[in-house]
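Have a look at the structure below before the remarks.
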Amino acid sequence: MNKKLISVIGIIMASLVLLAVGAFGFTLSSDKDQAGSEIVSQQNVGIWVTGTGEVYVVPDIAVVNLGVYVQKDTLEEAQAQAAESMAAIMAVLESYNIDEKDIQTSSYTVSPVWTWTDDGERKLDGYYVSNTVTVKVRNTDDAGSLIDDVVSAGGEYTIINGISFTVDDSEAYYTEARAKAIANAIAKATQIAELTGVTLGEPTYIVDSSSYSPIYYYPTYDASAIKGEGATTSISTGEVKISTSIQIVYDIE
């Protein structure tokens, strides 16, 4: 192959590389700056630490998901019974002074019920109606008796999908947990710097991540509670955990 042909091929290949760079946004870079100094990625610089802080709080709100499930031969019967049972349950909630803004419909379902015959044919076996609401009970001491009264009012059609506990105003607790997390991160960074013989510089990057862990409780019932024979549902609020995670990156001097 003659030198002229090799030169032409080289020019074509160089042009293709430049076109690819322009089309796909590639950047040709060096590991040295214009002065010849080494360039180090910011991701590999400094001391990276994560501090954690936790605060345990007695919850002041119980959140209950409850309602009715009715199955009848006809849709009209199912809807009528569901409406009647739900009205009785709503009357109980009103008697406990539950505010309207603390009651939210979470699900309303109407559906046919199908069964299969021995011959393998599908048969309409009635209809079901399900209506559930999520209720905030701001007096947690009332949670057990409220559930019992709801079960009594709704009777055999009552469904209780569980209860969880939370804190109405959690910001003050997040502030406390965040202070603990930052102190924990500073202590870690200081120890690392001392053990490695470097001087800790200024923080250059900080990320805050907060969360809380609600407690869930699934009550069970004694038949006597529904019959009004004195048994009551016992509810224990326990504690909720409010936690914060703080990531800090420090320069090394």
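Quick notes on this one:
- Any hit, region 192-208, residues being modelled with pLDDT under 80 and either surrounded by 15 or more Cβ atoms within 10 Å (Cβ to Cβ) or of a type outside the set (Lys, Arg) (or both): no
- Within region 156-178, restricting attention to residues that are surrounded by 13 or more Cβ atoms within 10 Å (Cβ to Cβ) and of a type in the set (Gly, Ala, Ser), the residue that is nearest to SER245 (Cα to Cα) is ALA177.
- Lone qualifier among GLY51, GLY46, GLY36 - being more than 30 Å from VAL135 (Cβ to Cβ), at pLDDT below 50 and not hydrophobic (A, V, I, L, M, F, W, C): GLY36
- Filter result (surrounded by fewer than 20 Cβ atoms within 10 Å (Cβ to Cβ) and within 22 Å of the chain's Cα centre (by Cα)) within region 237-253: THR237, GLY238, GLU239, LYS241, SER245, GLN247
- Any hit, region 89-101, residues being in contact with a Gly (Cβ under 6 Å, 6 or more places away or on another chain) and closer than 21 Å to LYS136 by Cβ: yes
- Considering (1) assigned to a strand (DSSP E or B); (2) surrounded by fewer than 14 Cβ atoms within 10 Å (Cβ to Cβ); (3) at pLDDT below 85; (4) not aromatic (Phe, Trp, Tyr), the lone condition that GLU229 does not fulfil carries the number (1).
- Residues in region 154-185 that are free of Cβ contacts under 8 Å to residues at least 24 places away in the same chain and part of a loop (DSSP other than H, G, I, E, B): ASP169 only.
- Residue match in region 189-197 (condition: in a strand (DSSP E or B) and more than 18 Å from THR237 (Cβ to Cβ)): no
The values are calculated or read from the model by the stated rules, or taken from the named source; none is laboratory data. Bear in mind the structure is a predicted one, so any value in this text is a computation, not a measurement. Cβ: placed from backbone, ideal geometry, glycine included. Neighbour counts: every protein chain shown.
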